[in-house]
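The values are calculated or read from the model by the stated rules, or taken from the named source; none is laboratory data. Keep in mind that this is a model prediction, so the values were computed, not measured. Heads up, the Cβs are rebuilt from the backbone with ideal geometry, glycines too, and the neighbour counts pull from every protein chain shown. Side chains are part of the model used for accessible areas, which takes the heavy atoms of the whole protein and leaves out ligands, DNA and RNA. Shrake-Rupley method; radii C 1.70, N 1.55, O 1.52, S 1.80 Å.
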Amino acid sequence: MDTIHVAFCVHDENGDYIQHTAVAMTSVFCNTKSLVRIHMIHDDTLRISQKEILNALVREYHQTIEYHQVDKKIFTDIAMKLKYATQRNFSIGTLFRLAITDILSIDKVIYLDSDIIVNQDIQALWSIDSSDFYIAAVRDL
């Protein structure tokens, strides 16, 4: 059985954002029959206690998780430049997704925002042939 790779990006200054990521992960696990490997791209705001909660969740559903810590200073600088150029705020964690291909050594990954609920088996999404494309995306309406 093919392992489905799913990435989440987390910058959790207040310590309350990871609960949303855990809910999104649970919805993936509950609705997907295949093996899922979570790739948690995070900075130093992800606490050990939060990792323990995520590890327990992953074990409960017999799935796997890998943690990939990034240097938030790089992304803080980018966020400041974008704010200056666009007059909009950009979350540091939102920008982590820009480095997914540099961080992960895999051919394919599904990136999910932490504020979603997956209500179908993501195998259908994983099975879409995207080999002719560098990236495939869905518009956020």
### Summary
With the first residue restricted to the range 114-135 and required to be touching a residue at least 12 places away in the same chain (Cβ under 8 Å), and the second required to be of a type outside the set (Lys, Arg) and loosely packed, with under 13 Cβ neighbours inside 10 Å, Cβ contacts under 8 Å at 6 or more apart or on different chains are 126/2; 130/136
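State the number of residues belonging to the range 33-58 that are closer than 22 Å to residue 106 by Cβ and out of contact with any Phe, Trp or Tyr (no Cβ under 9 Å at 6 or more places or on another chain).
Count: 4.
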### Task
Just name the residue that is nearest to residue 121 (Cα to Cα) out of those in the range 36-65 that are assigned to a strand (DSSP E or B) and open to solvent by less than 60 Å² (accessible area, probe 1.4 Å).
36
### Summary
In the set 33, 108, 73, the lone residue that is farther than 21 Å from residue 11 by Cβ and exposed (fewer than 11 other Cβ atoms within 10 Å of the Cβ) is 33
### Task
Report the residue count in the range 87-141 for those that are of a type in the set (Lys, Arg) and not in a loop (DSSP other than H, G, I, E, B).
1
